[in-house]
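Comments concern the structure below.
The values are calculated or read from the model by the stated rules, or taken from the named source; none is laboratory data. Bear in mind that the values here come from a model prediction, so they are computed numbers and not experimental data. Every residue, glycine as well, gets a Cβ built from its backbone with ideal geometry; the counts of neighbours run over all protein chains shown. Side chains are part of the model used for accessible areas, which takes the heavy atoms of the whole protein and leaves out ligands, DNA and RNA. Shrake-Rupley method; radii C 1.70, N 1.55, O 1.52, S 1.80 Å.
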Amino acid sequence: MHDRNDWMDAELVATRDYGPDIRLFEIAPAGGTLAYEPGSHINIAVEIAGQQDVRSYSLVGLPRRGVYRIAVKHVRPSRGGSAWLHSLLPGARLRITAPRNHFPLQHGASSYLLIAGGIGITPLLGMAQVLKQRGADVRLLYAAQRCRDLALAAEIEAALGERASFFISEDGNRLNLQAALSDFPTDGDIYFCGPARMLQGLREAMAALGRPQSSLRFETFGSGGLRPEESFWVRIPRLGVEVTVPPGRSMLDALDAAGVEVMSECRRGECGLCTVDVMELQGEIDHRDVFLSDHQKRENSRLCACVSRAVQGGVVIDTSWRAGQ
Ligand code: FES
């Protein structure tokens, strides 16, 4: 038996491609798998430019004996985790954690609306399967930019049949969140997983319809911003440190590599633990988190170092502020 906080050895036993960008990985932990609830993820130690880092990946579907399954989109440009995983062949050795769940499915709602953006389908597949098994009233909306990004469409269709709807933007079939929500019972629960900008659109649609945000549970991924990634500098006068953050690397990782410790947890711009004070800004901040309010983002006095970036310049920061202070 292993503890859920332990890192353990594991082996990549099989892969399967869903189109050119998305690959399913079957990972067998030494000592066997643990049961997990839908919404769970595992952490994987990845290697980026010769350095160890950690990435979280949602587990796909219901538990299978002996393996954990994750689906990873090869993001270009990426912080490097997806590229490293896509370079692995079956037989590769990995270090992983046991499943953890920060995105649990709450039972007992009158109805459920699951909304996935792209690879955000991964935690929602298991939720759809469990809800269907329990006879719950569930609908799933699965949106992607391109048809090839609808990685788990066949599994979703098998689980939900006509209760699932698919939207492909490049075909002109874009998901209209406000229209979708207007048909959904007001006392139902909404689960979302997708990019932060889509979450923002969902929140705005809910606000426009007067729906309580408390009925929304979400997880975001990636770091899709409003601006393309470019290099920027970060200066911390208190520590006498200056680092350059290149495209494809987070400010959090760059600071960490320079020996500057910044607390972090989700690394997806959700928890706010990595938030730092901005003392001076040259250029703009591309806020990519869902933790700070719109007002705070406009003020540019804080930023989430795990996902947000500066463009056309850099930031002078202090790392002493901590969430909750
Ligand atoms: S670590 Fe959670 S918001 Fe950055």
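Observations, loosely collected:
- Residue 178 meets all of the listed conditions (1) part of a helix (DSSP H, G or I); (2) modelled with pLDDT under 90 but one, namely (2).
- Selection of region 1-55 for residues being within 16 Å of residue 70 (Cα to Cα), among the aromatic types (Phe, Trp, Tyr) and in a strand (DSSP E or B) yields 18, 25.
- The conditions of being buried (at least 16 other Cβ atoms within 10 Å of the Cβ) and not β-branched (Val, Ile, Thr) are met by residue 136.
- Single unsatisfied condition, residue 6 versus (1) touching a residue at least 60 places away in the same chain (Cβ under 8 Å); (2) at positive phi: (2)
- Residue match in region 89-112 (condition: surrounded by 17 or more Cβ atoms within 10 Å (Cβ to Cβ), outside any strand (DSSP E or B) and free of Cβ contacts under 8 Å to residues at least 60 places away in the same chain): no
- Hey, residue 312 on the phi > 0 side of the Ramachandran plot, more than 16 Å from the ligand (Cβ to nearest atom) and open to solvent by 50 Å² or more (accessible area, probe 1.4 Å) or not: yes
- Test: residue in region 265-277 that is farther than 24 Å from residue 55 by Cβ and out of contact with any Pro (no Cβ under 6 Å at 6 or more places or on another chain): yes
- Only one entry of 35, 83, 45, 49 meets the criterion of being touching a strand residue (DSSP E or B) at 6+ places or on another chain (Cβ under 6 Å) and among the hydrophobic types (A, V, I, L, M, F, W, C), and that entry is 45.
- Residue match in region 66-84 (condition: more than 26 Å from residue 269 (Cβ to Cβ), surrounded by fewer than 17 Cβ atoms within 10 Å (Cβ to Cβ) and not assigned by TED's automatic domain parsing to the domain that holds residue 266): yes
- Of the strands (runs of 3 or more DSSP E) lying entirely inside region 232-290, the ones with 3 or more residues being open to solvent by less than 10 Å² (accessible area, probe 1.4 Å) are found at 232-236, 275-286.
- Whenever a residue of region 252-265 is on the phi > 0 side of the Ramachandran plot and away from the ligand (no atom under 14 Å from the Cβ), its partners that are open to solvent by 50 Å² or more (accessible area, probe 1.4 Å) and not basic (Lys, Arg), lying with C-beta atoms within less than 9 angstrom and at least six residues away or across chains, give the pairs 259/239.
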